[in-house]
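We did not get these values from a lab; they are worked out from the coordinates using the rules stated. Just so you know, these numbers come straight off a predicted model, no measurement behind them. Glycine gets a Cβ as well: all are built from the backbone with ideal geometry, and neighbour counts include every protein chain shown.
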Amino acid sequence: MDYFDRFAVPHSSPMIVGSQIAIAVTVLAILVGVTYFKKWGYLWREWFTTVDHKRIGIMYILAALLMLFRGGADALLMRAQTAIPDNGLLDGQHYNEIFTTHGVVMILFMAMPFIIGLMNIVTPLQIGARDVAFPRLNAVSFWLFFWGAMLFNISFVVGGSPDAGWTAYFPLASVEFSESVGMNYYAIAIQIAGIGTLMTGINFIVTILKMRAPGMTLMKMPMFTWSILITNLIIVFAFPVLTVALALMTMDRMFGTNFFTMANGGSDMLWANLFWIWGHPEVYIVILPAFGIYSEIISTFARRNLYGYKSMVVSMVAISVLSFVVWAHHFFTMGHGAMVNGIFSVTTMAIAVPTGIKIFNWLFTLWRGKIEFTVPMLYSLAFIPIFTIGGVTGVMLAMASADYQYHNTMFLVAHFHYVLIPGTVFSVLAGFTYWWPKIFNFQLSERIGKWAFWFIVVGFNVTFFPMFITGLDGQARRMYTYSESTGYGPLNMLSFVGALGLLLGFAFLVYNIYWSTRYAPRNVSSDPWNARSLEWATHSPVPEYNFAIVPEVDSSQAFWDSKNNGPALFKGKYKEIHMPNNSGVPFILGIIFFVWGFAMVFSMWIFAIIATLGIFACMAHRSFEKDHGHHITVEEIEETEKKLRGANA
Amino acid sequence: MNMKQLFPRGHVMGFIFSMVLTAVALGVVVYELSFKTGMIVLLVTAFMQAGVQLVMFMHAGESEDKKAIYTNVYYALFIALVTIFGTLLTMIWGYQ
Amino acid sequence: MKIDNSLPLEYSTEENRLKILGFWIFLGAEIALFATLFATYFTLVDRTANGPVGGDIFEVTPVLIETILLLTSSFTIGLGINAMRHGSKNAMMIFFIITLALGAGFLGTEIYEFKHYVHIGAGLQVSAFTSILLTLLGTHGAHVTLGLFWGTFIVLQVKKRGLTPETTNKAFIYSLYWHFLDVVWIFIFSFVYLKGMM
Amino acid sequence: MKMKWALLTIIFSIATVLTGCDNPLAVLDPKGPVAANQANVIMISIWTMLIIVLVVVILYAIMLFKYRASKSSDDYVPPHVEGSHVLEAIWTIIPILIVIFLSVVSVRSTYEVEATPKGYEDQEPLIIYAASSNWKWHFSYPEEDIETVNYLFIPTNRPIEFKLYSYGPISSFWIPQLGGQKYAMSDMVNTLHLLADTPGDYMGRNANFSGSGFAEHTFNVKALPEEEYTKWVDEIHGTAKKLTESEFDELLEPGHVGQYTFNGTHLDFKPAPEHNHGASGQGESKHSEHEDSKDEAETEHQH
């Protein structure tokens, strides 16, 4: 039985045992349920093997929502633990595991897939394409992300969670100070998901550069598509850095190399350096799409074109370049001299300029508009002032000498939540609500949505604003407890109350999905918001081939123009459409990667080698495969179109 | 195919050029140049070699996507230089 | 499938053009990957602890052999693509096989070099310097190994299926990959070996 | 809109809390010139940023108030406006000016906190080695030849140079009321300049997460006038026992311990990793490029 000891959680507790049982029961229930209702065939044909960007997008979002609740549960536990001084709810080790997984899950397995999900669904529709450039690769991306995320999540119940913070600074993350397999999970699971993300990056750059509808020049692309192009550019150049950093980490932990070690010349600072060379651009990877989503929504519900389109594009390009030259501000206190700190302080503050341009352009998009306060618009409007606070505190943090006082404190925690929550979380909730009818052909309830919105916005501010103050009072982040004499108690309690508000808000969100799925009126129009860009020119739900006829485009809001007596979008007759075939290989490849990762985490080399051979077998199979896709005939298109038009008439 | 078609001038010249550049780079060690001159020679020869490969062998500029390809390469180069010199700045040069 | 006959076969369909651009972008990512390894190398090059420094272990002969083999292979694969564009399947296959043979020669020399390093006490675990040296060389070597398999698959496919839009597209993309490995090697040759021996 | 008022209330309440005097926040209640410098920078940036937030919030309130659909007639069609070069130039140039202003403040202050505080340059700084181990702080006073664990006595009005390093994970040495933090790491020594101008007890801690005992990784700081400080040192010379290597090794074991006082320092048998940059193989042949920078580092230290 010794062999199986390695899978035990080293630091178990009733909570973990409870979760182990709950997870086992849930997995079993799903398996039994799917078998009982005979849905395996359906799942395999329609979802596991799909290469359709819309379905892949839906799966991304589903996974992201799951992860949102995993990360949210972590967050709630953290706030509960620190709500009162000297609390005994969690011990130090558990608290450390929880904030580590909270960070990783929220950034890499919630924010990223949520955004990638939305971009999967929307981008091809918005540029008038029938799919992404490499549909099969897109499926590989998804399954690598998915199985990577699953691998990370089982760490909680098999072998032990990572516990060195999401930044995993060495030497704390080395075998010497973090003996359990937790940090192996971190290194391997993020690696697998990261490879998937890199492929997504390449895929979408090519899609956007090469597959736009005729007439859609770069400067006539909708702003969301622009933001996705820039985001993917950052992904392609930032993720290889993470790949290398994680590989070096893996080698340090498993093969006794000396990159970040304390002995034999290793450099712990180098890890921090590499991590943030990726980490800072990563922040913009999750923020820029938000800017795109808000641009679409604000312009739709202000009933106006986006103000300052050109400067919006230029500022985004500027942000993408600047995002690569500021990383050292994450470790001003590492001891490099005033010269280095000065340089990075200035480059960091420079980012405020293009960001400011965007804020003012949004404000002036509202100017002389006709603003409607729908749920997506409410999130977008709440974003502006809250994100401004996040942004200006960012400038404050960029001042190197003052950062010596903010660094590692709750002030910093408050700052990045003020950026990431209104930036990323509000935007994906807004985008999710906004594009929901396009995907499912009915709208989410506005009434319940507004309840959710108000609880989330108010709860968010109550949770995080007090942290600015406790931070300035000297409360360091990541402390699992504090004594009463510090005086941090009342404000931390207030944070916990705010967190409960957030919990209620998200409960409303879930209830909204349930309620609307059951009771919301069906057969809304294919353009329920009276929107402006091409995705709304398709039927709802969107047919497999997206557009029966490829649209011809003349502006960044071609659909709006065509609705308002502009040129027609769809000219000509139906032609046969070529579409890619489904394939089970991406799904299988994902599972093999999962097995490979699991074997690596526990240093089971034989399994790891077998899985590696399996991965190469999949690649060789792809190399020799002959797959020319299939064709949809004109008759089939006519039939589908007639049916869909009928449904929406 | 005749020999001229099999061995087009451009390719042959490119190959000879890359061999010459290798020999020049090797000179840095053979003639024991000072560190500074040596580094300059290496930088020049290495980037010229890369240029030869990129333009003569990889045909970077031949397709309709010329602009996208060059933008991509320049952006990658920018990131590469920032990563390398930025790391040197924060890890070595920055400390006094 | 629409085939545009005015273009070389490897560019002749839209799908082919997407793949070529996609591969270029992938190479951009590869540049970032190797840049990170180089950045790590330059940071750790002087952190030799009780192990050897570069100048102690580098030898000109094997490195020069590797360089000449790889540069020549880059030349021959270029000729292979040239032959392919002239529609000469046999010449193309011969050049590709020569390329693969040269690549295998490179790999063999590198394996010899690695064994030598371990033998003289410059193994992976000795110091930060040896760790990153072998990792940087190893990453390049792994790329070459993968390339040898990939190249073999392509030769087999061309032999079986002839010069079609698919096979020529694969061969062309493979040639981009191979040239790129050559570029990376040039930088390793210059800034790892020659700088170390200077 | 309710939001606007909520926001304004929040902003003014921050301002009041930050500047309020009944219970000042540690960082904004400096007890020495370094912390005062930083508090000053923080206040300058808060006021500057408050202006920006106000401009945004006012514009925002106007837009939401004036241009909501319920206020406009049904047949109102918003105009198509591409943008305005003048306006866009304004909100590019003004932020650039603000950033330039803050850059100057930031860079100047960064240079100041990285040197002996102004007005105290004529004094010989007191050098204290602060080494962290899981989860303790070891303070060595080479000048006085004493060592303390988890507490720190310092003379007031004398510049102090902390030499920071670690026997384990990266830790961050931080005494909020005396000045900002800096990392203590295993392979190099960082220098932090601090000075206390008011006697008193201050909280000090490791601010950088370092494992399960991190929350309690704290120390007490007592700033005393020079003569009382000398008295304290003399007392230790008379009473405390000598620090031995085995005792020190025992102290390095992970865990929490109380406060200790010793004669002699661990520097005698375990020197700090100075001038090292982690190149543990010192004295071996080096590449010329880095030799230069190393020499410079060395001369710098001799100043």
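For the protein assembly as shown, the alpha-carbon coordinates run over 101, 82, 69 Å along the three principal axes, in decreasing order.
Inter-chain neighbour count for D:167-177: the average number of beta-carbon atoms from partner chains within 10 Å of each residue's beta-carbon is 5. Note on D:36-44: average number of Cβ atoms from other chains within 10 Å of each residue's Cβ is 4. With R₀ fixed at 45 Å, the C-beta to C-beta distance from D:Lys118 to A:Val321 puts the FRET efficiency at about 0.75. Rg then Dmax, both in Å and based on the Cα atoms of chain A: 24.7, 78. The protection proxy used here, the mean number of other Cβ atoms lying within 10 Å of each residue, ranks peptides C:119-130, D:258-269 as follows, highest first: C:119-130, D:258-269. For the stretch A:325-393 versus the stretch A:481-521, the spacing of their alpha-carbon centroids is 26 Å.
Packing, taken as the mean count of other beta carbons within 10 Å per residue, orders the peptides A:201-211, A:231-241, A:509-519 from highest to lowest as A:231-241, A:201-211, A:509-519.
Once backbone amide H atoms are built at 1.01 Å from N, D:Ala196 has D:Asn157, D:Arg158 as its partners under 5 Å, excluding neighbours fewer than 5 places away on the same chain. Peptides D:127-135, D:236-244, A:65-73 ranked from most to least packed give D:127-135, A:65-73, D:236-244, packing being the mean of other C-beta atoms within 10 angstrom over each peptide's residues. The spacing between the stretch C:140-167 and the stretch D:189-209, judged by their C-alpha centroids, is 63 Å.
If you take the Cα centroid of the stretch A:412-436 and the Cα centroid of the stretch A:155-169, the two points sit 25 Å apart. A simple spin-label model places the labels of D:Leu54 and D:Thr191 4.2 nm from each other, with each point 7 Å out along Cα-to-Cβ. Note on A:427-433: average number of Cβ atoms from other chains within 10 Å of each residue's Cβ is 0. Label sites at A:Val497 and C:Leu146, each approximated as a point 7 angstrom past Cα along Cα to Cβ, lie 5.5 nm apart.
Mean sequence separation of contacting Cα pairs (under 8 Å, at least six apart), scaled by the length of chain A, corresponds to a relative contact order of 17 percent.
For the protein assembly as shown, the share of DSSP beta bridges that are antiparallel, to the nearest 5, is 70%.
Among the listed pairs A:Lys54/A:Lys358; A:Lys438/A:Lys575; D:Lys163/D:Lys242; A:Lys310/D:Lys182; A:Lys220/C:Lys89, those with a Cα-Cα distance over 32 Å are A:Lys310/D:Lys182; A:Lys220/C:Lys89. Counting only aspartates and glutamates at least 8 places from D:Lys66 when in the same chain, those with an alpha carbon closer than 18 Å to its own are A:Glu372, D:Asp74, D:Asp75. The alpha carbon convex hull volume per residue for the stretch A:17-174 rounds to 145 Å³.
Across the stretch A:276-362, the mean sequence separation of Cα contacts (distance under 8 Å, 6 or more residues apart), normalised by length, yields a relative contact order of 40 percent.
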